[in-house]
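Below: one structure, written as structure tokens.
The values are calculated or read from the model by the stated rules, or taken from the named source; none is laboratory data. Note that the structure is predicted; figures quoted are calculated from it, not measured. Neighbour counts are summed over all protein chains in view; Cβ atoms, including those assigned to glycine, are modelled from backbone coordinates with ideal geometry.
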Amino acid sequence: MVRPDPSELPEVIDLTAREAASYLEGIADRPVRDARADDVAATFGGPLPEDGVGAVRAMEELVAGLDGAVHSAGPKFFHFVDGGTTPAALGADWLATTLDQNPGAWVSSPLAGRLEQVSIDWLKELFGLPQAWGGVLTTGATMANFVALACARRWCLSRAGVDVDEVGLAAAPPITVLGGGYTHPSDVKALGMLGVGRGRVRKLARDEVGRVDLDAMKTALRELDGAPAIVIGSAGEVNAGDFDPLADMAELAERHGAWFHVDGAFGLFAALSPRTALLVEGVDRADSVIADGHKWLNVPYENGFAFVRDPALLPAVFGSGAAYLPDIDEPQPNWGYRGPEMSRRARAFPIWATLRAYGRAGHRAIVEHDLDLAQELAATVDAAPDLERLAEVQLNIVCFRYRPPDSEDGPELDELNRRIGEEALLDGRVFFGATTYGGRVAFRPALVNWRTRSEDVDLVPQVVRELGARLAARVEGVPG
């Protein structure tokens, strides 16, 4: 029988460090997805072993299976708006795992608790949010939206005379949620989990793309006549990186007594550059704002952040207690009382480390580097006779499609681009997928990784054109 043994640690740590260094050293030259990925992944399985093989052997087996992974930390992964991990964030994340701290209670780790406090303050400075706001680190944008919208739910229903966190939704009036067509599925998912209801979300769009209809929103708020309402603004929608008019939406929400929430999962980082800061004008007038750390901050999964104008809402919603737990009124923050998880990882370590290592200027440089690459890609698309850009490049996403000369708009062209998107994910040289923008199938590579170079971005149109030329002959009605 094999049991955990401290004597295993030196060899496990050495093996892990050596293999990780080798992996990261070569990640720029790897295909993003190996052609054998599914087959390699399928080699793991079988019944639970009665007797284990020991830590070193288990790690060796895991390392041998790395070709079954998608190498999303590398410079050629442009799907899902995923960043990589800066060296400082990687080292700090390993240290967080080594210490295995739970900052849910300050007493269990003053260091982890303090680093979260400092990280939130630094992030507010980075994004230009008022220092008086409260905040908490989460697992990502979905849970950050959950936290912010839970505070919105409490605020809305408190004004209606209901303590929803005490008596529940049964005694509460419905909350109406208004947004544009850019409202992200994670917002809708969070509202469903909170019991507000997915069906209570009204997407008021003035065109197929999803741009918000402010006149319709104004009318809807006026008709609600002060009934509980949440307005959601998008800072960086996922198909083309467009922004809702946040200042205008803030004005409407204030005038009609609604909570204004801004989902800035990646677009909030526009605040870092003078070139794009106007896109988030008005964000400081919101009642809550969220962003994702494992996007443009380039820290590992799982990291996100939620900020709320009224800090007292966080412990009011998420506070708890037991005889063995700290008091909720302690002066030092017990982070388990400010977010959903009582037990939580010390996720501030990589956030603090990357901000300390590279500062505001270093992270601005990452953003502006990706802005430049996006413009380079847009120029390449515009110059190609068989590519068509579908949207302005406001930030870091280039939305375009393959369109052979003399081809007509319609289902055949959509089918061709859909097939290109499917094949591109299997091709593996570079990673991006298909989407639908304005009713048309398109691609939307998103650039947020600190490692990405011009030659990595150049692969996107190259692969699209190669696959398009090969697949066009198989789609009836599209010139080959």
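Numbers below:
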| read-out | value |
| --- | --- |
| Any hit, the range 94-106, residues being closer than 30 Å to L268 by Cα and over 26 Å from the mean Cα position of the chain (by Cα) | yes |
| The range 42-57: number of residues that are loosely packed, with under 14 Cβ neighbours inside 10 Å, touching a helix residue (DSSP H, G or I) at 6+ places or on another chain (Cβ under 9 Å) and among the small types (G, A, S) | 2 |
| F307 being crowded, with 24+ Cβ neighbours inside 10 Å and farther than 18 Å from N145 by Cβ | no |
| Leading residue by the ranking (nearest to L99 (Cα to Cα)) among those in the range 1-16 that are in contact with a helix residue (DSSP H, G or I) (Cβ under 7 Å, 6 or more places away or on another chain) and among the hydrophobic types (A, V, I, L, M, F, W, C) | V12 |
| Residue list for the range 373-396, restricted to those being more than 15 Å from P75 (Cα to Cα) and in contact with a helix residue (DSSP H, G or I) (Cβ under 9 Å, 6 or more places away or on another chain) | E376, T380, V381, A384, D386, L387, E388, R389, E392, V393, Q394, L395 |
| Check on G241, in contact with a Leu (Cβ under 6 Å, 6 or more places away or on another chain) and either over 29 Å from L169 (Cβ atoms) or among the aliphatic types (A, V, I, L, M) (or both) | yes |
| Residues that are under 20 Å from E466 (Cβ atoms) and either surrounded by fewer than 11 Cβ atoms within 10 Å (Cβ to Cβ) or not acidic (D, E) (or both), drawn from the range 405-420 | P405, D406, S407, L413, L416, N417, R418, R419, I420 |
| V81 being outside the structural domain of D38 (by TED's automatic domain parsing), at pLDDT below 95 and surrounded by 23 or more Cβ atoms within 10 Å (Cβ to Cβ) | yes |
| Any chance V393 is in a loop (DSSP other than H, G, I, E, B), at pLDDT 95 or above and in contact with a Gly (Cβ under 6 Å, 6 or more places away or on another chain) | no |
| Members of the range 286-328 that are aromatic (F, W, Y), closer than 21 Å to A105 by Cβ and part of a strand (DSSP E or B) | F305 |
| Selected residue [within 28 Å of Y301 (Cβ to Cβ) and in contact (Cβ under 8 Å) with a residue 24 or more places away in the chain] from H261, H256 | H261 |
